[in-house]
Amino acid sequence: MSPSPCSESFATAGNASAENEPPGAHETGTLPTSRHCPTNGRLPGYPQAVRKERYRIGTRQPALRPACRTRSWLVGKCLGGRQRALAEKDFLAMTILGTLRRLVGFGQADQSKPSLPETAASPGIDLGAEHRKWIALGDEGRFFEAINLCLATVSDPDEHFLSSSFLGYAYFQTTKYDLAIKHLEIALKKNPGDYYAAFFLANGLKAVGSKQESLAWFTACFRNHPSHAEEICDAAMQTALEIPKTEESTSFFKEFQAAAEADLVSSRQVEKFLFFQGRDAELLEKLNDDANVDSTRVEFRRIRSVADWAASGHGLIRPLGAAEVIHFVTPPANGQTAHQKVLVEAGEPYVAEIPDASIVGGSSLIFVERDVVLSDLLADKRYGRYASLQYDKSVAAQRRDALLTRSVDAGERIAEGIMLSGLASECYGHWFAEFLPRLVHLEQHPRFAEIPIIVDEAMPASHYDFLRALVANPLHIVARGAALEVGTLIVAPTMTFFPVELFADHAVPAEHQASWTVGALRYIGDRIRARFGECANASGRIFLSRKNSTWRRLLNEQEILDDLQLLGFRAVYLEECSFEEQVRIFQGAEFVVAPNGSALNSLVFARPDVKALIIGQRNHFNWGGWLGPMMDLGYSPVFLSGEPVGDEGNKHSDYEIPVAEVRQTILKMLER
């Protein structure tokens, strides 16, 4: 059942029909659930508003909110269309964790917060002190440990607001949304005035697809805590636009319009509203007006592919032959040897020159002219609409055909450069599989060796060393968030469709969620062997530890490692090694055991006859796009699946596997 209406009256503005939906409106499925509905009474809560900063490209500075000319922008046909999911779980984590920390004495105190309903769990236990321990573990991403400690410390955690609200937050972070909802509902019974418990309950309901109930809670937060209007809009507008013609959507936008007219939401929120409604003429007029009073302006840009842009007379593109065919090989289940194979065609290779382009450190977008953004990823006709740019700080809002981007005011210009910078370049998995393989195509440019390669700052030192081991070009380092104008930008595509993040309801099959090619792996392996030579005697047994990771952890790693040491294995922490040390470790390995992770890309540095056991979750996601090309190169890794702890559909969930099963598999492999 849907919740009862949470407002005394509803806006009567007409809802836009599906025919009026803006291009690229994002649809999501629903998972019906029955939950409590927030009451109609005004709930006292924390009056502190989370301060949100808006910033220009290249700088980070608080923005003064301009006078919000909103009434004329909101009157008329509204509430149609569906907005893409833009609220980030990382932002939610930062918000509630920061609040919980303030409640128990971490950081700056909030002088306006009310007293908590309970302060003791049971005789002899200081609940506040225990709560600080849970928060400290949460700070380190050790949520399961924090949950276990809370449950071990407090005999009945749902009897206390601090423990029930923390469990709600921690279960949300571990994607156990049903448990998060359960504990947050209980926390609100203990302290019905708590804004953050209600706010995260709304987000938890949204995560499980209970859109109407979620929006009812967001609307109650909006009405009862207007000082938080900005973050509520960030989290809830998506849901409100996805369920037009409902009482919950109408009620939410009634509150939104009232908040906008009272100047409680920024001009940016109104611009996003118009953007997702597809009311582009009104949006452009408003953006033009706002540019005169707001230094943190955004820009409306249409999405185009590099090939389309070049074909329209902007720049040059050189096709590089037929696309490579990838053998996508699904890892077999435990104890089985059969592999399921699918043939996947990689992207069409090219190298292109884009004149008068601007890029932003940490973003993979290319900005040209005043109203165009180039992205082969977003322009992909099959799957581009499913790629999320929620982690790209240059993007304010996204829909299928266009972006709202933060203004690009370049402070530096170079005559020419090769683009190897972009979103997630600091992550080894992306650096190895998404960025470096482009060199295969980029080297086909006739003047490649003369042109500097543009890379992001703040990558691990080993990333730069890796690149220098492959090519000798000078590097031009661009600061993250800083814009750079390039007279002629040299670009090449990724090997395959390679998103950093997909929307939760995407329809992209595993074989198209980023794969490797034999050509790219061979290119990297051959270059590294040419640079560092080969090891004549590979006899090392290594275990690649993920102990220092905060996600996708093998929870009983230490127990497994203790047993493997009896078989001659030693732990290796690659993040503590130089790039050359990493290469030497793999070159000297006879046997590699590793929890699944990006470090396994480096297996290509080892000899093809290396024995490799990969431990991971039961769901292998897109690992087949790595396994197939590695098998084509002569490698024969074995996969062993464990039990996920958390959401099985989350590729970053933790997991565990019996020690005896790992040992038995290794002994069988040693017999071969």
> Hey, does the stretch 570-586 have a residue that's outside any loop (DSSP other than H, G, I, E, B), under 16 Å from Leu521 (Cβ atoms) and either touching a strand residue (DSSP E or B) at 6+ places or on another chain (Cβ under 8 Å) or of a type in the set (Gly, Ala, Ser) (or both)?
Replying inline: yes
>> Need the failing condition index for Leu566 against (1) farther than 26 Å from Glu140 by Cβ; (2) in contact (Cβ under 8 Å) with a residue 12 or more places away in the chain, just the number.
In response: (2)
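Can you name the helices (runs of 4 or more DSSP H) wholly within the stretch 218-281 that have at least 1 residues being under 15 Å from Ala396 (Cα atoms)?
Numbers: elements: 229-242, 247-261, 267-277.
In the stretch 218-281, 229-242, 267-277 are the helices (runs of 4 or more DSSP H) which contain 1 or more residues that are under 15 Å from Ala396 (Cα atoms).
Does Phe543 fit the bill of being aromatic (Phe, Trp, Tyr), farther than 23 Å from Phe367 by Cα and in a helix (DSSP H, G or I)? If you could, list the steps in order and put the result at the bottom.
Numbers: aromatic (Phe, Trp, Tyr): yes; farther than 23 Å from Phe367 by Cα: yes; in a helix (DSSP H, G or I): no.
Taking the combined requirement at face value, the residue does not satisfy it.
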> Tally time: how many residues in the stretch 128-149 are surrounded by 22 or more Cβ atoms within 10 Å (Cβ to Cβ) and more than 15 Å from Thr174 (Cα to Cα)?
Replying inline: 1
> So, in the stretch 530-551, of the ones that are among the polar types (S, T, N, Q) and under 21 Å from Leu566 (Cβ atoms), which residue ends up surrounded by the fewest Cβ atoms within 10 Å (Cβ to Cβ)?
Replying inline: Ser539
> Which of the following residues is surrounded by fewer than 20 Cβ atoms within 10 Å (Cβ to Cβ), acidic (Asp, Glu) and part of a strand (DSSP E or B): Glu426, Glu416?
Replying inline: Glu416
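So, Gly411, is that one in a loop (DSSP other than H, G, I, E, B), modelled with pLDDT under 95 and either closer than 19 Å to Ala357 by Cβ or assigned by TED's automatic domain parsing to the domain that holds Ala461 (or both) or not? Step through it out loud before you land on a result.
Working: in a loop (DSSP other than H, G, I, E, B): yes; modelled with pLDDT under 95: yes; either closer than 19 Å to Ala357 by Cβ or assigned by TED's automatic domain parsing to the domain that holds Ala461 (or both): yes.
For Gly411, the condition - in a loop (DSSP other than H, G, I, E, B), modelled with pLDDT under 95 and either closer than 19 Å to Ala357 by Cβ or assigned by TED's automatic domain parsing to the domain that holds Ala461 (or both) - is met.
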> If you take the residues of the stretch 214-228 that are touching an Asp or Glu at 6+ places or on another chain (Cβ under 8 Å) and surrounded by 24 or more Cβ atoms within 10 Å (Cβ to Cβ), which of them is farthest from Arg268 (Cα to Cα)?
Replying inline: Ala216
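For Glu434, indicate whether it is part of a loop (DSSP other than H, G, I, E, B), within 30 Å of Ala507 (Cα to Cα), of a type in the set (Asp, Glu) and out of contact with any Leu (no Cβ under 6 Å at 6 or more places or on another chain).
On the way: part of a loop (DSSP other than H, G, I, E, B): no; within 30 Å of Ala507 (Cα to Cα): yes; of a type in the set (Asp, Glu): yes; out of contact with any Leu (no Cβ under 6 Å at 6 or more places or on another chain): yes.
Taking the combined requirement at face value, the residue does not satisfy it.
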>> Out of everything in the stretch 587-607 that is within 24 Å of Trp551 (Cα to Cα) and assigned to a strand (DSSP E or B), what residue ends up being farthest from the chain's Cα centre (by Cα)?
In response: Val592
> If we scan the stretch 458-469, do we find a residue that is among the basic types (Lys, Arg) and within 30 Å of Gln238 (Cα to Cα)?
Replying inline: no
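If I ask for residues that are out of contact with any strand residue (DSSP E or B) (no Cβ under 7 Å at 6 or more places or on another chain) and either crowded, with 19+ Cβ neighbours inside 10 Å or not in a loop (DSSP other than H, G, I, E, B) (or both), which ones from the stretch 451-463 would you list?
Let us first name the residues in the stretch 451-463 that are out of contact with any strand residue (DSSP E or B) (no Cβ under 7 Å at 6 or more places or on another chain), namely 459-463.
Result: Met459, Ala461, Ser462, His463.
The values are calculated or read from the model by the stated rules, or taken from the named source; none is laboratory data. Being a predicted model, the structure only gives us computed values, none of them experimental. Because the Cβ atoms are built from the backbone with ideal geometry, glycine has one as well, and the counts that use them run over all protein chains shown.
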